[in-house]
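To start, the structure under review is shown below, and the notes come after it.
Where a number appears in this text, it was derived from the coordinates with a stated rule and is not lab data. None of the values given here were measured: they were computed from a predicted structure. Note: ideal-geometry Cβ built from the backbone for every residue, glycine included; neighbour counts use all protein chains shown.
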Amino acid sequence: MSDYRSASTQDARVTPSAPGSRMARRAAGSPPPPPDDRPPRGHRGGGDNGQGKMRVLAWVSIAATTVMVAGALTGYTVYRDAFGNITQKSVKEDIINPRPRDTGALNVLLVGSDTRAGKGNARYGQQIARTADAGGKRTDTIILMHISPNRDKARLISFPRDSMVQIPRCKNETTKAEMAPRRDMINSAYNSGGIACTISTIETLTQIRINHFVEVDFSGFKNIVDALGGIEICLKSGVNDKASHLVLPPGKSLLNGEKALGYVRLRHYGDGSDIQRIKRQQIFLSKVIAKATSSELLTDLGKLTGFIKAAAGSVTMDPELANDTQQLIDIATSAKELTAGGVQLTTIPWLPDPQDPNRVVWKQPDASALWASVISDTEIATPAPSASASTKPKVTPKPEQVKVQVLNGTTTPGKAREVADELAKQGFNVVGVGNYQAAGGASLPTSEIRYAKGATTGADYAAVLSGAVVPKPAPEAGKVTTTNLQPYTSTVTAGAGLKGAPLIQLVVGSDFKSVKVTKLPDSVNNSTITASDQKNVCT
């Protein structure tokens, strides 16, 4: 069996669905969004009509809440009873699409509702906000918070609310009737199908398993900021904006909850673009994270108590998270490790939608690379077993110095080239692809990493490769026999191996999941900020 009959084969486990094909903007039987669900024309470069729509407020509030809940529990579990005030909502029975595998990481969907229903929320909308169901609900913004299995790194990925994507079949939140799939704005999933449809949409598009969710509304945001004692921001120029009811001088200002609300909704400032506004929100959130994880909060019992009460009374969670004390403590433990330096905030790379320049689509393949990095972040770091495990490594090569031969040990055509392409993208020096014939012609059950018995540094080079694939094979001495071996060529520029470096074989078995993605496209890196770098930034 040649390995090259299906060279273009893609692994669905690391290649999420792209935004949908040309379909009706609204499918039959799907309830239309309320009138203010659509942002103003020219939203990327223009201003707002100032009618209090605050489309991105919860972007900040829910992420802040999750970090604060975690921080409050750290070392102070005596206060856990306060979390009995968390509103709970069970949705797992309403998720009707196949779900991705659980990788061991913690993925929490942070959703902010712009509903005007409820105490303190109606004042921020137009007249319809004060009637009936307050004009429906939408997600201001959706954030995926990914915490690594080691609980030492976090990435908060923001989805633009006007992203045009393929919404899968979902249950209507009110009637429970099944709604047909459709191409629509991503926040319409929440409008019609609630949090269950939003979870299913994100899982279908990214192939990332959502473990839990957290929701917050406008009032919850204010309460949390006030409980932290306010957040300090810095402006390059003063603000006097009637639309957001905000007046601030240039330089530093300490914002209470009400002023913070105006700040995160501010449009008439700078160039008025959404991009600049999102950057301001990310910097604001970075300051929230820094304050929520500071010793100033965690060692002041009075502030901590107020904070816990505000956080608990401001969020809605799934009962699996709200009632799982150990899980909350696990998050708390990670929060202790997740100082502001370990938190990155990323806006998914996007392009204008060819069908409507006032909407966006996710930039591919860059977005897929971002999802792959989350999916492949699966294992708690442990020393890789090897023949030299009991001794200090003789060399510590970089990926570009590791010469790799990828062999297909499965019955799936094209698997070797598929894996080779992914390794090359991560910098490995792939030199050949071919096949390995397992006994009886069946697929090799588990992947293997091999090096020549006489290679004195073979285990060290093999360990680098072992740490880059999921699951992690234990390197073994003794190379295998190949068939259909061919030189590997790629459009990706890979490094060159060191002279005299041993050849390492990766034999792909049926258990192979993915190559770990650590090198991300420039579009992802350029749309990412690190929380700890934002302390003295003025916008």
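Name the long-range amide H neighbours of residue 170: under 5 Å, sequence gap of 5 or more, or other chain; modelled H, no Pro or chain starts.
Residues meeting the amide H criterion: 179.
From Cα pairs below 8 angstrom and at least 6 apart in sequence, can you work out the relative contact order of region 399-515, rounded to a whole percent?
It comes to 43 percent, rounded to a whole number.
In what sequence do 318, 324, 366 fall when counting other Cβ within 10 Å, fewest first?
324, 366, 318
Please give the length that would be gained between residue 169 and residue 398 if that part of the chain were fully extended, namely 0.36 nm times their separation in residues minus their C-alpha to C-alpha distance (nm, one decimal).
Computed gain between residue 169 and residue 398 is 77.9 nm.
Dipole of region 399-515, Cα-centred, from +1 at each Lys and Arg C-beta and -1 at each Asp and Glu C-beta, to the nearest 20 debye?
About 160 debye.
Which Cα, out of 430, 420, 455, lies furthest along the positive dipole direction of region 399-515 (beta carbon charges, K/R +1, D/E -1)?
Sorting the options by dipole projection puts first 455.
Using θ = phi - 60° and the Karplus form 6.51 cos²θ - 1.76 cosθ + 1.60, what ³J(HN,Hα) does each residue of region 86-102 get, whole Hz, x for Gly and Pro?
5, 6, 10, 9, 9, 10, 4, 6, 9, 8, 10, 9, x, 9, x, 5, 8
Can you list the lysines whose alpha carbon is less than 23 Å from that of residue 242, not counting same-chain residues fewer than 8 positions off?
Partners found: 53, 222, 252, 259, 279.
Near residue 373, within a Cβ-to-Cβ distance under 10 Å, what is the net charge of the other residues, with Lys and Arg +1 and Asp and Glu -1?
+2
Note the full-extension length gain between residue 452 and residue 358 as 0.36 nm times their separation in residues minus their Cα-Cα distance, in nm to one decimal.
Details: separation 94, 0.36 × 94 = 33.84 nm, distance 5.76 nm.
Stretched out fully, the residue 452 to residue 358 stretch lengthens by 28.1 nm.
With the crude spin-label approximation of a point 7 Å out along Cα→Cβ, what separation in nm comes out for residue 532 versus residue 245?
Taking the two extended label points, one gets 3.9 nm.
Using r as the Cβ-Cβ distance of residue 178 and residue 351, and R0 as 30 Å, what FRET efficiency do you calculate, to the nearest 0.05? Can you show the working numbers first?
Details: r = 32 Å, r/R0 = 1.06.
Calculated transfer efficiency: 0.40.
Eight or more residues apart or on different chains, and alpha-carbon atoms under 20 Å: count the Lys pairs in region 399-515 matching that.
For region 399-515, the number of qualifying lysine pairs is 16.
Between residue 522 and residue 305, what's the calculated FRET efficiency when r is the beta-carbon distance and R0 is 56 Å? Round to 0.05.
0.80
So what are the ³J(HN,Hα) numbers for region 518-530, from phi and the Karplus equation (6.51, -1.76, 1.60; θ = phi - 60°), rounded to whole Hz, Gly and Pro as x?
After applying 6.51 cos²θ - 1.76 cosθ + 1.60, I find 10, 9, 10, x, 4, 5, 6, 4, 6, 9, 10, 10, 9 Hz.
Tell me, how many Å apart are the Cα centres for region 234-293 and for region 500-539?
Between the Cα centres of region 234-293 and region 500-539 lies a distance of 31 Å.
How far, in nm, would the chain grow between residue 511 and residue 232 when pulled straight, counting 0.36 nm per residue and subtracting the alpha carbon separation?
Result for the pair: 95.5 nm of gain on full extension.
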